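A short worksheet on the structure shown next.
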Amino acid sequence: MQKYDFSGLKGKICALTGGGGVIGMAMARAFAAAGIKMAILDLKKDIAEKAAKEIEKETGTRAAGIEANVLDETSLEKASAEIKQQLGPVDILVNCAGGNSPKATTQIEIMKEADKKTPEKTFYGLALDGFKFVFDLNFMGTLLPSMILTKDMLQSGSGVILNISSMNSFKPLTKIPAYSAAKAAVNNFTEWLATHLAQVNIRVNAIAPGFFLTNQNRFLLTDEKTGGLTERGKKIINGTPMGKFGEPEDLCGTALFLVSDLSSFLTGVVIPVDGGFNAYSGV
Ligand code: NAD
């Protein structure tokens, strides 16, 4: 009989990119608690190893910290070999590395006549290298690991990919066009890849987190001096029917569901986990 719990995940092997970050760590912790062996991948070896040690200590499940740049094919190939050697073949890939940058952020939201005098604060002042960096990190940084770290799944005959999208993917938030465009592309790619891989038994889904206070958005949502909410932070809270930011742990139940056999007929979806933000019209 089918078991309606997460026990089927015990002993599986998961590669999670951006594993040293706030959301990556929360997911890695939850996955390891369910018995999934974790390869924590991050840009810097020391960040990855520190996270892995912490998780192994807390959960008693094997975790390995591995250096991997999601934008560099050679680095990912090397990481893939290292995961295989330390843990075994990958069953689950979570594409969690991503983020925004002030260099890809306009200073004003909606351009007014007077703003023509200060184009540097508008779309016209965006640094293209900043735009490209953010777009690539979020989109190519999902595509490349999906190509390189899932080859074991083809061999074993099954696997799951979980992408981390964003609220910006459905409707772009003001100021951050590169991040929004990249996350919209992640949704589209989730559907494309889910279709492409459906008959080789690899499922591909995504979570679109709502708003969580983390390093990538703290500069936009809170005032550095007072620690209080910025106008933008207040707008987000007002747009979230539950009236609060999420905690990274709020994503874990949905993530576990999507990588488990409980969702075995589910592929190509993007699930908002957002306190109702996506459902609310604002009125
Ligand atoms: P974070 O900055 O805490 O973590 C990101 C991690 O990715 C860091 O450990 C960083 O070292 C790593 N990283 C950066 N560049 C990398 C690269 N080239 N290769 C490998 N690793 C790299 O961010 P977070 O808030 O935990 O975000 C995780 C994911 O969730 C991102 O994809 C982000 O876009 C998404 N997200 C976050 C929020 C939020 O409110 N924080 C909302 C929606 C979506």
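The values are calculated or read from the model by the stated rules, or taken from the named source; none is laboratory data. It should be emphasised that the depicted structure is a prediction, and the values quoted were computed from it without experimental measurement. Keep in mind that these areas ignore ligands, DNA and RNA; they rest on the heavy atoms of the full protein, side chains included. Shrake-Rupley method; radii C 1.70, N 1.55, O 1.52, S 1.80 Å.
Details
- Euclidean distance between Cα centres, the range 16-85 to the range 212-234, Å: 28 Å
- Size descriptors for the chain, from the alpha-carbon set: Rg then Dmax equal 19.1, 69 Å.
- The C-alpha atoms of the chain define a longest principal axis, and helix 22-33 lies at about 20 degrees to it.
- Of all DSSP beta bridges in the chain, antiparallel share, percent nearest 5: 5 percent
- Rg/Rh for the range 206-275 (Cα atoms only, Rh after Kirkwood) is 1.09.
- Per residue, the convex hull volume that the Cα atoms of the range 1-139 enclose (Å³): 138 Å³
- In this structure the chain gives 51 Å² per residue of accessible area when probed at 1.4 Å with all protein chains present.
- The chain, accessible surface, carbon-and-sulfur percent (1.4 angstrom probe): 56 percent
- Viscosity 1.002 mPa s, 20 °C: Kirkwood-radius Stokes-Einstein D of the range 96-165 over Cα pairs, µm²/s: 146 µm²/s
- Rounded to 10°, Cα long-axis angle of helix 45-59 versus longest principal axis of the chain: 60 degrees
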